[in-house]
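Taking it in order: structure first as structure tokens, then the write-up.
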Amino acid sequence: MVTTTPVGSGNIGARERAVRNRLMQRLLALLLLATVLSIVQVWSRMQVLNVRYALTAVQQRIAELQKTVTQRESDVASLQSVERLTAVARDTLGMMPPQPGQVVVVRAPSSSRE
């Protein structure tokens, strides 16, 4: 009795099956590699963006602090002005320039070795 197998019944030899399996393994490995590389690229781009945002925030903070330093330096200069100090001494503390005779010069005794 003669048996016939229909076309496309999947009667493939062991060698052909091994070649096909190897081809599928390589294809899956390439697909996995492409997926990993894509994920790494997206991750690295996200890291770059995060660093850029952080850098921008730091630059803005530096600008704010420089502005504050400039303001504080201006405040110190105005607080140390002679006119302001004279006004505070006169108006707030009630101080006045000394009258003639109010200033007494005291000299330290000279120590001479003999």
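Any read-out appearing in this document is the output of simple, stated calculations on the displayed coordinates, not a laboratory observation. In this text, all values refer to a predicted model and were calculated from it rather than measured experimentally.
Key figures for this structure:
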{"item": "Sorted largest first, extent of the chain alpha carbons per principal axis (Å)", "result": "148, 50, 15"}
{"item": "The chain, helix-only ellipticity at 222 nm - DSSP H runs n ≥ 4, -39,500 (n - 2.57), divided by all residues, nearest 500", "result": "-23000 deg cm²/dmol"}
{"item": "Helix axis angle, 14-79 relative to the chain longest principal axis, alpha carbon, degrees", "result": "10"}
